[in-house]
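Here the structure is laid out as structure tokens; the discussion comes afterwards.
The values are calculated or read from the model by the stated rules, or taken from the named source; none is laboratory data. Quick caveat: nothing in here was measured; it's all calculated off a predicted structure. Glycine also receives a Cβ, built like all others from the backbone with ideal geometry; neighbour counts cover every protein chain displayed.
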Amino acid sequence: MQERINKLKSEVGSFATDNINDLENFRVRFLGKKGFIPLLFSDFASVSSDQKRKYGKLINDLKNLTIEKITTLKTILEEKSFSVSNTDLTLPGDSFSVGSRHPISIVRNSIIDIFTRIGFIISEGPVIEDDNHVFSKLNFPPEHPARDMQDTFFIEKEQSENTNNFDILLRTHTSSVQVRDMENSSPPIRTISPGRVFRNEAITARAHCIFHQVEGLYIDTNVSFADLKQTLLYFAKEMFGQDTKIRLRPSYFPFTEPSGEMDVSCLICGGKGCAVCKHTGWVEILGCGMVDPNVLDNCNIDSKKYTGFAFGMGVERIAQLKYKVNDLRLYFENDIRFLSQFQASI
Ligand code: PHE
């Protein structure tokens, strides 16, 4: 046994390698389940009791020597594999791609930017609303057909027959936010309300049940239709270019009187006529009007003292014109191949 131990000791002492696999083989050969050292320990059982002390120490020393050897070689090999000499520091680094903003965010941000430059502030409100803020206070009488203009998702219908003011629903426009603004502050009010709105429509390339709006409201003494026109002209020029023209056509909304719809000169053909403007030279982008005095009174604002204008636009509609992407569904699918094509500074 003495001889075997001496032989193994000198083998461990002289072992050297720069290969991690060789080191592992060495470990298995000496310390593995059927390795030399466990074998020595099992032979140790038959050593006579007066020799046990001597051989016990020799085998333990051999075991410690082997473990020490393996640990030292392992450390050296690991350091080597990380060492600078193996790394080419002149190689170019891995590039990483920067994300891009969603086109709806880009357009919404630029609308906000244009209006905040002339003193509008941003107001936001709940997506789940009551009938009062979405319809009643905005001069939609109960059972009035104008309510059908906005196909509503109802969450809870009030059962009592005398009123539907307490129906709970998803807001169909962000005018509801402006009702809250009027209730909670006093003129001058100059605010825009960006946000998600919902209408119960089948999803097609041209319609979606979710879309985004930015609605505006200005209330003060002596606000006139001319102020509305100039504000919207300023917006159209900032958004679509300085050569853009606007035109207003009469329309109907329960909360404005008079009401209008605004067209901008077609940015594709410059007004000559093309498929986008259906050969009219104009494309419709928003609804607007002078706030109906009933709405002011409903929100505790003195309609004898104050007047105001309001407007509302769909962000998707503006994005369609800006990016010429006509299938609305693309804006909601979050396909990275679509989204990565949009770059924005704001
Ligand atoms: N709230 C209207 C809509 O969603 C838009 C609008 C706002 C029209 C303000 C006129 C004045 O259709």
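Residues are listed down the side, and each one gets a yes or a no for (1) β-branched (Val, Ile, Thr); (2) modelled with pLDDT under 95:
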position	(1), (2)
142	no, yes
156	no, yes
162	no, yes
167	no, yes
189	yes, no
202	no, yes
206	no, yes
215	no, no
227	no, no
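What are the residues in the range 245-283 that are of a type outside the set (A, V, I, L, M, F, W, C), outside any strand (DSSP E or B) and in contact with a Cys (Cβ under 6 Å, 6 or more places away or on another chain), if any?
281
Going by the conditions given, is residue 329 touching an Asp or Glu at 6+ places or on another chain (Cβ under 7 Å) and either modelled with pLDDT of 95 or more or of a type in the set (Lys, Arg) (or both)?
It is false that residue 329 is touching an Asp or Glu at 6+ places or on another chain (Cβ under 7 Å) and either modelled with pLDDT of 95 or more or of a type in the set (Lys, Arg) (or both).
Looking at (1) at pLDDT 95 or above; (2) polar (S, T, N, Q); (3) within 16 Å of the ligand (Cβ to nearest atom); (4) farther than 15 Å from residue 196 by Cβ, which is the only condition residue 132 fails?
(1)
May I ask you to list the residues in the range 64-92 that are modelled with pLDDT of 85 or more and either polar (S, T, N, Q) or farther than 21 Å from residue 12 by Cβ (or both)?
If the condition is that a residue be modelled with pLDDT of 85 or more and either polar (S, T, N, Q) or farther than 21 Å from residue 12 by Cβ (or both), then 64, 66, 71, 72, 75, 90, 91, 92 are the ones that fit.
List, please: which pairs have Cβ atoms under 7 Å, are six or more places apart or on different chains, and start with a residue in the range 287-310 that is on the phi > 0 side of the Ramachandran plot and end with one that is of a type in the set (Asp, Glu) and part of a strand (DSSP E or B)?
Within 7 Å, the pairs are 289/257.
May I ask you to list the residues in the range 241-268 that are among the polar types (S, T, N, Q) and within 16 Å of the ligand (Cβ to nearest atom)? So that I can check it myself, show each step before the final result.
Taking the range 241-268 and keeping what is among the polar types (S, T, N, Q), we get 242, 244, 251, 256, 259, 265.
Hits for the range 241-268 are 251, 256, 259.
Scan the range 294-325 residue by residue and report those that are under 15 Å from residue 218 (Cβ atoms) and in a helix (DSSP H, G or I).
295, 296
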